[in-house]
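Below is one structure, written out as structure tokens; the observations come after it.
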Amino acid sequence: IVSEVDKKDTEMNMAINKANKSFDDFKNVFIENKRTQKYHSFTIKMAFQSEKYEKEHMWLDNLKFDNNTFIGILCNIPLDKTISYKQGDTIIVDPELVSDWMYIDKETGIAHGGYTYKVLRGKMSPQEQETFDKKTGLKFE
């Protein structure tokens, strides 16, 4: 899902802040999940410097955690062609630039995190929400 959002959008900025402030919770669940195997589809959204947008927020998956550092694969194709990364590149996560995170409960199918998705979805009409839900397959608490 690609969406342009005004950088002054208070609700989105609050969601990004919440995700960033709770990133340690995500990290702890990721580490614990090696033992419990309760969750899947761990992803991190990170801000990248952009000439066109100032910041472009994109998702990383196939995460690995080593030496207190996450490394992931860029899922998105950057909209700003001046961004030096491309889809499929390996990215070292800078915790200061984390703008969202998400993982899914294997038993319930409920997504945890996804704060920016929740904001985007909340601004949609019921029909748009239904389309969004089908496209992403996400269920939130």
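Quick notes
- Computed magnitude of the charge dipole of the chain (debye, nearest 20; Cβ of K, R +1, Cβ of D, E -1): 260 debye
- Subset of 18/135; 8/38; 55/106; 52/139 violating a 30 Å alpha-carbon distance limit: 8/38; 55/106; 52/139
- A dipole drawn for the chain from +1 and -1 charges on Cβ atoms has a positive end, and of 140, 109, 30 the residue lying farthest that way is 109.
- In Hz, Karplus ³J(HN,Hα) per residue of the stretch 97-110 (6.51, -1.76, 1.60; θ = phi - 60°; x = Gly, Pro): 9, 5, 10, 5, 7, 6, 8, 10, 6, 4, 6, 9, x, 7
- Taking each DSSP H run with n ≥ 4 as -39500 (n - 2.57) and averaging over every residue of the chain yields -9500 deg cm²/dmol at 222 nm.
- Take 123-134, 71-82 and order them by the average number of nearby Cβ atoms within 10 Å per residue, most first; the result is 71-82, 123-134.
- Under 15 Å from residue 81, Cα to Cα: aspartates and glutamates that are on another chain or at least 8 residues apart: 51, 54, 56, 89
- Net charge over other residues, Cβ less than 11 angstrom from the Cβ of residue 113 (K, R count +1; D, E count -1): 0
- Computed across the chain, the Kirkwood hydrodynamic radius from all distinct Cα-Cα pairs reaches 15.7 Å.
- Accessible-area composition of the stretch 28-91, carbon plus sulfur, in percent [1.4 Å probe]: 48 percent
- Accessible surface area normalised per residue over the chain is 62 Å², counting heavy atoms of protein chains with a 1.4 Å rolling probe.
- Summarising the label geometry, the points placed 7 Å from Cα in the beta-carbon direction at residue 10 and residue 80 lie 2.6 nm from one another.
- Cα→Cβ-extended label distance, 7 Å offset, between residue 49 and residue 37, nm: 4.3 nm
The values are calculated or read from the model by the stated rules, or taken from the named source; none is laboratory data. Values in this document were obtained by computation on a predicted structure and should not be read as measured data. Neighbour counts run over all protein chains shown; Cβ positions are idealised from the backbone, glycine included. Ligands, DNA and RNA are stripped out before the accessible areas are found, and what is left, the full protein with its side chains, is counted by its heavy atoms. Shrake-Rupley method; radii C 1.70, N 1.55, O 1.52, S 1.80 Å.
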